[in-house]
Every structure is written in C-alpha cells, then in structure tokens.
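Step one of this worksheet: look at the structure below.
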Amino acid sequence: MSGETSGRDYGLAAIVDGKAAHASGIDHAEELVTLAEAMVGSDDAALASARQGLRDAMGAEALVDAAAVASNFERMVRIADATGIPLDPPVNAMTADIQEELGLTAFAAKSQTPDAGRLARAAGPLLRRISPRLMRALAPRLQRLIGAPPEPRV
Amino acid sequence: MSDSAIDYVSAPVPVCADLPAAHRRGWDHLARPGRWWTGAERVAIATEVRAAAACPLCHERKQALSPNAVTGTHAGPGVLPPAAVEAVHRITTDPGRLSRGWLDGLEADGLSDGHYVELVGVVTTVVSIDSFCRGLGVPLHALPEPEPGEPSRARPDGLVDGGAWVPMTAGRFGNVLRAMSLVPEEVSNLMVLSRAHYLAPEEMADIERGRGALDRAQVELVAARVSALRECFY
C-alpha cells in the first residue's frame, strides 16, 4: 500500500504497524513513530528513550514539533470519536481503498461513516492524484469559508 | 480574567512562543464559566481527566473485550454528576470504543447535549496540553483557579442533524470543525490550539506545507500513527 503526495510515493503500513516505519520512505520515520507510540503509551522510560532518540536524530526543534503534532491528535481523535462525526464524504471516497487495506474499517468508529460505495472506491486513487492540485485551487476559497475563529465570550 | 503563568522556559528544548501562548489561552478559557458549566465545574472536569489515568475501573475496561462488560465506580474526586464523571473517564481513556448507545445512556442520566459538548471541549484541551508536556518531559501545569460566574446556557441558532451524535451547525464538509459548534467557544479554542500544535486550517490545503522542522509527510505520519493507535476512524 502506498500513498503519493508531492510526487513521492510513501509506504503507509507504518500507520498501523510501527515496525514498518523503515519502509515508509519518510525520513526519520522510525524515530517519529517511536515517539508517537510512546506518547500514546504509559511507559515513561520508553518515552524518555524515544524523546532522546528523536532529538539525537533530528534535533530539538523536531522534538517539539513532533510532540506538538502528536498531542494535537490526542485532542482531535477524542473530539471525533466523542461526537460521532462521520468522515467527510470526499475524504471517504478518496481513501476507501486505503481504509480497507490498512484494516481501519475494523475500528468501532467506522460505523459512523457510510460505506463509500463501489464507484467511489474505484475513483479513489484517481481523486487522490488530482486532489493536491484541487486543494491548491480551492485553498483561497477554503480560507474565506473558514475565516478567523470566533472570539470567545468573556 | 485569570492570567495563567504557563511557559516552557525550564523545558529541556526551546519551545516556540506560539505554543505557550495557545496553552495560556486554553488554561484561561478553562477557568471561565462556559455556556453549560461554571468555571469551578470546568476545572473539576479537568481534575477528573487527570484522575482517569490512574482509575482502576478504566484500566479494567480498557483490557476487556467490551467496556460494557465491566461495571463499577470511577476513582477520582467525584464532585461532578456520575454521568459527567463517566463521560470524562471514557473519553480520556478509551475514546475509540465510544458509541451512540453509550451517549444516549448519559443523556438519560441527565447530561444534556450542551453539557456534553462543552465537557468534550474541556477534556480534549486538558488531554492535549498534558500530552504535550509529557512528550517534552516537563511537569504538568497546575490547573487554573476557576473564575466566578454563571454559565450562559445560550444555545446557538441554526443547529442541524449532520449525521453525528450531537447537533452541529449546517455545512457539508469539515465535520471535525463543526463537531463542537453547539458550544462556539470550544470551536474557537480548538482552532487556536490546532494552529499552534499542527497547522492553520488554510495551511492544511497546501500539501507541501510542513510544520517547523518536520516536512508534511513527517507531520502526517505522526498524526496518523497516533490516530491509529487510538483506533480513530476519522
């Protein structure tokens, strides 16, 4: 299974199997995956080792960035799973084949998202190829749609 | 308004200023009365989040084939209504196996959808900031002193059934941004934290865009591995 962004192919198996990180084609994937796994786990010694390993391999700034991203997704997964939101239809269509191959459809939370359908599944790889250009074209519109976050009530 | 003294000056590595700024804002937001909970209740939710990590019932449930197979009482301060305590502990420790039936049970026990969505916002704020501290190896921040005041209990107009378990604002895409729109201040807080921790929404559309020392593939690998470990389909 591979995914393509920016004209490069990446192995996606590391998403569900950390031991496959070395074959992902992503620089320093093993150190990044090790830190992500240790942050989700509860072994403080393993986390200290992962932290040092990433810092040695990529530097202090990368450690901060990786910790920031991992902790961001500790938030996002809980928002998604606690509110039962379905996967957005375009993303569902583009990733249906990947979901199946990586075994993500076995997750309990899959029940919130309707099946993408055969047509969408067949079109998924093509949609993925054109999506970077599409996303770039839509980015200004997306920015207008999202706008600035509302100010909190004080 | 409180003014949380969060910084990372003592961290073993330099931390760019946007992260402590977002965390200070998140902590101040946590201390203020919300739409459905008082400031004291919001800080009590945060306290319960930290108690959940050492809760024997949560640990036993996490090991069980079905969390519903294990009954008991959560370990923690327990100052919140039982339905709220259950919500905090389950979202914190076993988010991948939450269900519509579980949430229906909480609502039957008196937890309104507004209370629930705001609780999700508080829990996820604390979980992510605590997780960042743990990732860097720095102590957790002291929880803020709650501010006085009453919740507004104001329900936004224009909420619809968007296929989620809770009502959301109308719209076709961006479900994760709409998920907590029943409590707009929690959406605002989410966006501030996401900009600091990950990318701004408008930056996400540019797949060449990385974060600091990480290129985009590295960013998404960390994000996807955490999501898979938590068994999050979204």
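Could I have the simple spin-label model distance between residue B:60 and residue B:9, label points 7 Å from Cα toward Cβ, reported in nm to one decimal?
Simple spin-label model gives 4.6 nm for this pair.
Using 0.36 nm per residue of separation minus the Cα-Cα distance, give me the extension gain between residue A:119 and residue A:49 in nm, one decimal.
20.6 nm
If you filter segment B:128-230 for trypsin sites (Lys or Arg not before Pro), then keep DSSP loop positions with at most 11 other Cβ within 10 Å, what is left?
Passing sites in segment B:128-230 are B:153, B:172.
Let's test the formula: R0 of 25 Å, r as the Cβ-Cβ distance of residue A:126 and residue B:208. What FRET efficiency results, to the nearest 0.05?
The formula returns an efficiency of 0.75 here.
How many Cβ atoms of partner chains, on average, are near each residue of A:30-43 if near means within 10 Å of its Cβ?
The shielding value for this peptide is 4.
If you build the Cα gyration tensor of chain B and take the root of 5 times each eigenvalue, what three semi-axes come out, in whole angstrom, biggest first?
Over the Cα atoms of chain B, the ellipsoid semi-axes are 26, 21, 21 Å.
When a/c reaches 1.5 or more, the comparison of a/b and b/c decides; with that in mind, is segment A:1-85 rounded, prolate or oblate per its Cα gyration tensor?
Oblate.
If you wrap a convex hull around the alpha carbons of segment B:14-151, what volume per residue comes out, as a whole number of Å³?
For segment B:14-151, the hull spanned by Cα atoms encloses 116 Å³ per residue.
Between residue B:109 and residue A:91, what is the FRET efficiency for a Förster distance of 45 Å, r being their Cβ-Cβ separation, to the nearest 0.05?
The value I calculate is 0.85.
Rounded to the nearest 500, what is the 222 nm mean residue ellipticity of the protein assembly as shown from helices alone, with -39500 (n - 2.57) per DSSP H run of 4+ residues and division by all residues?
Counting only the DSSP helices, I get -17500 deg cm²/dmol.
Report relative contact order for segment A:1-85 in percent, whole number only (criteria: Cα-Cα under 8 Å, sequence separation at least 6).
17
In Å, what is the Rg of the alpha-carbon atoms in the protein assembly as shown, and how long is Dmax?
Looking at the protein assembly as shown, its Cα Rg and Dmax stand at 19.9, 56 Å.
Relative contact order, percent, of chain B when contacts are C-alpha pairs under 8 Å separated by at least 6 residues?
Taking the mean separation of contacting Cα pairs over the length of chain B, I get 24 percent.
Cα centroid distance between segment B:29-48 and segment B:88-155, in Å?
One Cα centre to the other: 9 Å.
Apply 1/(1 + (r/R0)^6) to the Cβ-Cβ distance of residue B:145 and residue B:17, taking R0 = 25 Å, and write down the FRET efficiency to the nearest 0.05.
Once the sixth-power term is evaluated, E becomes 0.55.
We did not get these values from a lab; they are worked out from the coordinates using the rules stated. Values in this document were obtained by computation on a predicted structure and should not be read as measured data. So basically every Cβ, Gly included, is an ideal-geometry build from the backbone, and we count neighbours across all protein chains shown.
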